[in-house]
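Engineer: Here's a structure for you.
Quick note: the coordinates plus some simple rules give every number you see, no bench work behind them. Bear in mind the structure is a predicted one, so any value in this text is a computation, not a measurement. Note that we place each Cβ from the backbone using ideal geometry, even for glycine, and neighbour counts take in every protein chain shown.
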Amino acid sequence: MTQALIYALTGAVLFMLGVRATLLRESLLPRLLALNICGAGVFLIFVSLAYRGDSLPVDPVPHALVLTGLVVAISATALALALNRRLREMADE
C-alpha cells in the first residue's frame, strides 16, 4: 500500500463517518461538526490524488483547491454557528 492510497482510504473513512453522524444527530452543533469531518475527508482525498508517483512532480491544482476549500469551510462554519446562536436567542424570547 502506498502513502497516497492510505491517505485516500483515511479520507473516505472520515467522509463516511461524517455522513453517518450527520444523518443520525438531531442537534445542529453535532451535525455541523460532522459536516466539517466530511470536508476534512474530502480534503484528504484531494491531497492524495495530487500525488502522481515518485518520478513526476505533485499536481498543485488539488492543493490550491484544498486551501480554497479550507477558507470556505471556516467561513461557512462561522456563519452556521452565528445563525445557530441567533436561533437559540430567538427561541428563548
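Engineer: Looking only at region 33-59, count how many residues are within 15 Å of residue 20 (Cα to Cα) and touching a Pro at 6+ places or on another chain (Cβ under 8 Å).
Structural biologist: The qualifying residues number 0.
Engineer: Let me ask another. Which of the numbered conditions does residue 89 fail, given that it passes all the others? Conditions: (1) assigned to a helix (DSSP H, G or I); (2) touching a Lys or Arg at 6+ places or on another chain (Cβ under 9 Å).
Structural biologist: (2)
Engineer: Filtering region 24-70 down to residues that are part of a helix (DSSP H, G or I) and without any contact (Cβ under 8 Å) to a residue 12 or more places away in the chain, which residue is surrounded by the most Cβ atoms within 10 Å (Cβ to Cβ)?
Structural biologist: The selected residue is 31.
Engineer: Let me ask something else. Would you check if there is a residue in region 22-29 being touching a Ser or Thr at 6+ places or on another chain (Cβ under 8 Å) and not β-branched (Val, Ile, Thr)?
Structural biologist: No, the conditions are met nowhere in region 22-29.
Engineer: Moving on to the next point. What residue, among those in region 25-83 that are touching a Lys or Arg at 6+ places or on another chain (Cβ under 8 Å) and among the hydrophobic types (A, V, I, L, M, F, W, C), is farthest from residue 12 (Cα to Cα)?
Structural biologist: 58
Engineer: Of all residues in region 75-84, which are without any contact (Cβ under 8 Å) to a residue 24 or more places away in the chain and either more than 17 Å from residue 42 (Cβ to Cβ) or exposed (fewer than 12 other Cβ atoms within 10 Å of the Cβ) (or both)?
Structural biologist: 75, 78, 79, 82, 83
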